[in-house]
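A quick write-up on the structure given underneath.
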Amino acid sequence: MAKVVPGEWHEPAHFEPLATALRAKEYKVILVRLPSLLSSRPNQPVTDAVIEDVEAIKSTAGRELNDYPDYDIVILTHSYSSIPGSAACQDLDKLSRRAAGYTNGIAGLLTISGLLIPAGMSVLDCTGGHIPPSIKVWHSTYSDGRQYEVSKPATPPGAIELLYHDLPVSAAQRWASMLKTHLFEGYRTPVSFAGHLMVPTYYLMCKNDLMLTLEAQRLIVEAANKEMPAGKQVRVTMMDSGHCPFLSRSEETADWIRRCAGEMFKRL
């Protein structure tokens, strides 16, 4: 069973090609919509975007684990969603679940070009307070008059170049047209729990990523490995792709997920 959490700006629909590939191999796939994606609740204030994102992931994961006690799950995150996805692992890892009398739990935390942040720190803490140049942030106003920060890919170079440069132009244009604004609060909010220290963690490095460069991905993994318990480390796979291999290389990404979930197979 796989649970997929889209990153910032992306709708669950962006992950349907990947979900289709996994379902063809008899995986149950659940796509989680993050409350911090403004299309989730237009013009309605989100009290605490990160907490609500964590709860959206955790409640879905907990329900699946309780409804299917003979099965473990893996959580797939991408980019921003690795932050709430990691925090959502709290109390749902297999060790904690067993201590609570259950036999199953989260067997793996998978992230595609994501962020592995120590508990108590925010993304901007890790960047020295600097907003990444690939992200455009501006202030907007809720219907109740409250100000908030939202983000989209910076223009120039724009979403197609940053996210989908390894896709055919027509496909890139289609997926870019579906992007939504995202609350930027998640970059300022400290992470409540570092799930990658408790759950086996797999990282798909995107070699040609222009949103989060390969160098940045390597630094993220190196920093995470320094925090890991003795004998554990992030398990890295390199893919020759841009920021969104779930679109440009959906079959290969599905194969990677299957291997992370414990399947042993050779692709024909």
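Here, each number is a calculation from the coordinates, and none is a lab measurement. Quick caveat: nothing in here was measured; it's all calculated off a predicted structure. Backbone-built Cβ (ideal geometry, glycine too); neighbour counts: all protein chains shown.
In the stretch 199-268, Cα pairs under 8 Å separated by at least six residues give a relative contact order of 37 percent. Take every DSSP beta bridge whose two residues both sit in the chain; close to 30 percent of them are antiparallel. Of the GluC sites (Glu not before Pro) in the stretch 1-96, the ones in a loop by DSSP (not H, G, I, E or B) with at most 14 other beta carbons within 10 Å are Glu26. For the stretch 1-122, what relative contact order do you get, as a whole percent, if you take Cα pairs closer than 8 Å and at least 6 residues apart? Here the relative contact order equals 27 percent. With contacts taken as Cα pairs under 8 Å and at least 6 residues apart, the stretch 111-265 reaches a relative contact order of 28 percent.
Net charge of the neighbourhood of Val54, taken over other residues with C-beta under 12 Å away and scored Lys/Arg +1, Asp/Glu -1, is -4. With K and R counted +1 and D and E -1, the other residues having a Cβ less than 13 Å from that of Ile73 yield a net charge of +1.
Only lysine pairs 8 or more places apart, or on different chains, with alpha-carbon atoms under 25 angstrom apart are counted in the chain, and they number 28. Magnitude of the charge dipole for the stretch 28-144, about its Cα centre and with charges confined to Cβ atoms of Lys, Arg (+1) and Asp, Glu (-1), is about 200 debye.
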